[in-house]
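First up is the structure itself, then whatever we jot down about it.
The values are calculated or read from the model by the stated rules, or taken from the named source; none is laboratory data. The structure presented is a predicted model; accordingly, all values stated were derived computationally and were not measured. Cβ placement follows ideal geometry from the backbone for every residue including glycine, while neighbour counts extend to all protein chains displayed. Only protein heavy atoms, including side chains, enter the accessible area calculation; ligands, DNA and RNA are left aside. Shrake-Rupley method; radii C 1.70, N 1.55, O 1.52, S 1.80 Å.
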Amino acid sequence: MRISIIGSGYVGLVTGACLAKLGNEVTLVDIDNEKIEAINNGLPPIQEEGITEILNQAHLKATSDYRQIADADIIFLCVGTPVSEDGAMSLEHLTEATGQVTRALEGERGYYVVVVKSTVVPGTTEEVVIPILERAGKKAGKDFGICMSPEFLREGKAVYDFMNPMRVIIGEVDKRSGDMLLGLYRNFNAPILRTDLRTAEMIKLASNTFLTMKISFINEIGNISKKLGIDVYEVAKGMEFDDRIGSKFLNAGIGFGGSCLPKDLRALIGKAKEIGYESRMLEETLNLNEKQALKLVQLLQKHISLKGACVGLLGLAFKPGTDDVRDSRAIGVVQALLQAGATVRAYDPLAMENFKKLFPQIDYVTIEKVLNCDAILIITEWEEFNDLDYTGKIVIDGRRIAKAREARIYEGVCW
Ligand code: UDX
């Protein structure tokens, strides 16, 4: 099929590359010329396992010209939908892209389906996207199709996740729209759920916020267990045998970051508020997460005075295997350390450049220099941190690095 993808960020690029690998003809549209050039030269603008190989083999081109989507069968909207601190989702890119798509597809032509893949709050496809697409005088569900099909890609494993989905959710305005999208997933071995548009939107937010709740829950159990002299990792092991609980996302630590989980949680809290519902459970999940990383700094203050101290950070990325620092737990920690008058030295194998844009005032150094600080905080569980010599050091660990226990003073954030 002829596929157009609007937005070549994380979701757009991976979706486009994987659909091209499956034999479709793919055109990516973006407003960023640097990205377009990189993609057309086979150089992915993101760090992602397996993507370079696909870009170099598959039938895929990138452009800034919306006219090139004119003969597409399926158009995916994959632009960013940032969420502010108070939970309001910005639809600026989505409305702009939808307007461009409407103009590119106006006039006489065959049936096509527009698929919203950007994460949006329930109601957005019906109340915002469809009215824009219908401006050209065509009717959704009659002259063209529309679906909402959320993506559940993990950074670093996004190509694998796309090719091996745990489920495919197809929200559809009518059966014909959904049937057309389903054609792309013909050979996938995954459960497929077909719903209406707003249910699909909610499935995405509910799935991600459930994961955040799981993390904040085990962190809370960790905080209580630590006070009682109990190891939360042993507790989690005991819980995991119950398959109603499951074994994933029970790693206690300093909480969740990244481009999706915190944002989706804030968006759902914001939407609930907008309709007059106060979700105490979701709000507390977020509050706990904000506080959890700062515990590292509080624990450290039991052992040293921060004013004038040199504090070393191991890890800045929101998780290992990525250079992404969006909503990384390191951000709050660095702010708190600087406020308390400490000097900060940090090391991360991939994320230092990105973190430097947020905090140019701290020192980016080698691992050895971090280890020579007065105390060390572990922020990200990079594997290489398990090979270091911590003897004689003061370490407060946010991610359960086993080797760090050999430190002279060792404390886990919630164990
Ligand atoms: C997540 C979801 O997993 C994916 O399905 C979604 O569509 C996008 O958001 P990603 O942002 O790549 O993917 O990160 P993920 O691997 O899920 O980890 C998120 C954060 O949670 C990280 O900061 C990680 O350190 C933290 N985490 C995860 C924990 O603190 N404990 C856990 O047990 C698991």
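Collect the residues in the stretch 222-238 that are open to solvent by 40 Å² or more (accessible area, probe 1.4 Å), in contact (Cβ under 8 Å) with a residue 60 or more places away in the chain and either among the small types (Gly, Ala, Ser) or assigned to a helix (DSSP H, G or I) (or both), keeping them in residue-number order.
Scanning the stretch 222-238 gives LYS226, TYR233.
Does ASN189 satisfy the criteria of being assigned to a loop (DSSP other than H, G, I, E, B) and closer than 17 Å to VAL413 by Cβ?
Here the answer is no, as ASN189 does not meet what is asked.
Filter the stretch 312-323 for residues that are within 11 Å of the ligand (Cβ to nearest atom) and modelled with pLDDT under 95; which is most open to solvent (accessible area, probe 1.4 Å)?
It comes out as GLY321.
Considering only residues that are small (Gly, Ala, Ser) and open to solvent by 20 Å² or more (accessible area, probe 1.4 Å), look in the stretch 191-218 and name the one that is farthest from the ligand (Cβ to nearest atom).
Once the filter is applied, the top-ranked residue is ALA206.
When you scan the stretch 14-34, how many residues do you find that are under 30 Å from PRO349 (Cβ atoms) and surrounded by fewer than 22 Cβ atoms within 10 Å (Cβ to Cβ)?
Count: 4.
Output the number of residues of the stretch 219-244 satisfying the condition of being among the aliphatic types (A, V, I, L, M) and either within 10 Å of the ligand (Cβ to nearest atom) or within 25 Å of the chain's Cα centre (by Cα) (or both).
Selection size over the stretch 219-244: 2.
Step by step: first the residues of the stretch 247-285, then only those that are of a type in the set (S, T, N, Q) and free of Cβ contacts under 8 Å to residues at least 12 places away in the same chain, then the one that is least open to solvent (accessible area, probe 1.4 Å). Which residue is that?
Among them, the one singled out is SER279.
Yes or no, residue by residue, for (1) part of a helix (DSSP H, G or I); (2) open to solvent by 10 Å² or more (accessible area, probe 1.4 Å); (3) within 19 Å of LYS319 (Cα to Cα):
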{"residue": "LYS369", "(1), (2), (3)": "yes, yes, no"}
{"residue": "ILE376", "(1), (2), (3)": "no, no, yes"}
{"residue": "THR380", "(1), (2), (3)": "no, no, yes"}
{"residue": "GLU384", "(1), (2), (3)": "yes, yes, yes"}
{"residue": "GLY392", "(1), (2), (3)": "no, yes, no"}
{"residue": "ARG405", "(1), (2), (3)": "yes, yes, no"}
{"residue": "CYS414", "(1), (2), (3)": "no, no, yes"}
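Of all residues in the stretch 153-164 being within 18 Å of LEU19 (Cβ to Cβ) and within 10 Å of the ligand (Cβ to nearest atom), which is surrounded by the most Cβ atoms within 10 Å (Cβ to Cβ)?
Here the answer is ALA158.
Identify the residue in the stretch 177-189 that is open to solvent by 20 Å² or more (accessible area, probe 1.4 Å) and free of Cβ contacts under 8 Å to residues at least 40 places away in the same chain and, among all such residues, is nearest to the ligand (Cβ to nearest atom).
PHE188
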